[in-house]
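Heads up, the thing below is written out as structure tokens.
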């Protein structure tokens, strides 16, 4: 029996286990329920195998590359093993470079320092891809109503702009989940003499990232969306631009030598990846990311997509029954999408819906414009939406809980009172304890409204 045909419980059991699967959360009525986490597109909890690997590594923690002590040697090996695991997971070429960063935003910021010419993006991108090039000549192409029209618009822009050095594009929309045809975009860009960087933050947890197979030049991703939320990300790809660029973070570990002459420093920088990994690296984050890649590598082609497609079909069928609910979509001809769905309700503000789902039903979703303001301007006229994003620990009961809760909210409204406080909808009063770790009330930060 294929993964797609397995019963829900068997299909979920065949996937790697995620921490917190049995977490219960308080509701405003004083009861507790199992948490229904439908916010995987924002951040994922660690796989149990990842958390166990980090716990195993911690007693051996030490600095890397420059120490003769045993723990330093162990951690250096861990870091370089993780680099190889990530390269294998994204199917990097033998001469590609893997640089550890903080996240996708940091990885794209690094590439922005290295790109030697103008950059072209689509208007549907996450802000990480839209804003990375603000200090570089940058042109934004409006996506069409179909993928075919979007490819035509991109082709026309590159023909009119033959000096473009890079096309930066998402692999999957963080708003709608729709996949873009990366290999076809690579063909168009390369024919125009431009390289391609794929923002794979939303793609990597759900589908195969194939740097060599696509023919793409760079890929960026985040551990916190790949079941390894320990503060690591990656930029992987061709090393010539990276070797020629100024160091992303100048400091120890990035240099071959430093001399002082006539009161000024002279520096010989190492090649990438060390060139862009100045300071003591986040070896635990890298080890976690490597462990996640090892766990997902055998299942990302078949089991993960089969699990998601079964759940996504159920979710779309359920949402179609909710009166006044409109699912957002970029393209009329999208062939595939991840299990990420954004929607708007006619008579209920998105923030109120998200607050009520959390406070009354124990369901976690995301509301807002999802760091994709230009796309939401087009899809909703700039209004906020609600996003439900499924992951490895999602089951059919989670999908059904969301649909049932939405039907009840539309039919009879929230059962609690809510008000906007500090820019967000919140229960009033909110009897749920916030200090679950016994650390005391969080202090306010000057100038912070959230």
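Read-outs: derived from the displayed coordinates by stated rules, not from any lab. Predicted model, so just to flag it, every value in this text is computed and none were measured. Methodologically, a virtual Cβ is constructed for each residue, glycine included, from the backbone with ideal geometry; neighbour enumeration extends over all protein chains shown.
For the peptides 285-292, 391-398, 98-105, what is the packing order when you average, over each peptide's residues, the other Cβ atoms within 10 Å and list the highest mean first?
On the way: 285-292: 28.2, 391-398: 20.9, 98-105: 24.0.
Descending packing order for the listed peptides: 285-292, 98-105, 391-398.
To the nearest 10 degrees, how steeply does helix 70-89 sit against the main Cα axis of the chain, on a 0 to 90 scale?
70
In deg cm²/dmol, rounded to 500, what helix-only [θ] at 222 nm does the chain give when every DSSP H run of at least 4 residues adds -39500 (n - 2.57) and the total is split over its residues?
-10500 deg cm²/dmol
If the chain between residue 77 and residue 153 were fully stretched, how many nm would it gain, using 0.36 nm times the residue separation less the Cα-Cα distance?
22.7 nm
Between 149, 189, 434, which gets the highest mean-square fluctuation from a Gaussian network model of the chain, Cα cutoff 10 Å?
In this elastic network of the chain, the residue with the biggest mean-square fluctuation among 149, 189, 434 is 434.
Where is the GNM fluctuation largest for the chain (alpha-carbon springs, 10 angstrom cutoff): 123, 152, 39?
In the Gaussian network model the winner is 152.
Cβ neighbours within 10 Å, averaged per peptide: list 365-371, 76-82 in order, most packed at the top.
365-371, 76-82
Which of the following values of volume of the Cα convex hull per residue in Å³ was calculated from the structure shown: (i) 176; (ii) 127; (iii) 137?
Matching entry in (i) 176; (ii) 127; (iii) 137: (i).
What is the distance in Å between the Cα centres of the stretch 83-126 and the stretch 369-402?
Centre-to-centre (Cα) distance: 26 Å.
Listing 218, 61 from the residue with the fewest other Cβ atoms within 10 Å to the one with the most, what is the order?
Lowest count first: 61, 218.
If one takes the longest principal axis of the Cα atoms in the chain, at what angle in degrees, from 0 to 90 and to the nearest 10, does the Cα axis of helix 396-412 lie?
Roughly 50 degrees between the two axes.
Order of 86-93, 379-386, 234-241 by packing, highest average Cβ count within 10 Å first?
234-241, 86-93, 379-386
Compute the helix-to-body angle for 303-319: its Cα long axis versus the longest principal axis of the chain, expressed 0 to 90° and rounded to tens.
40
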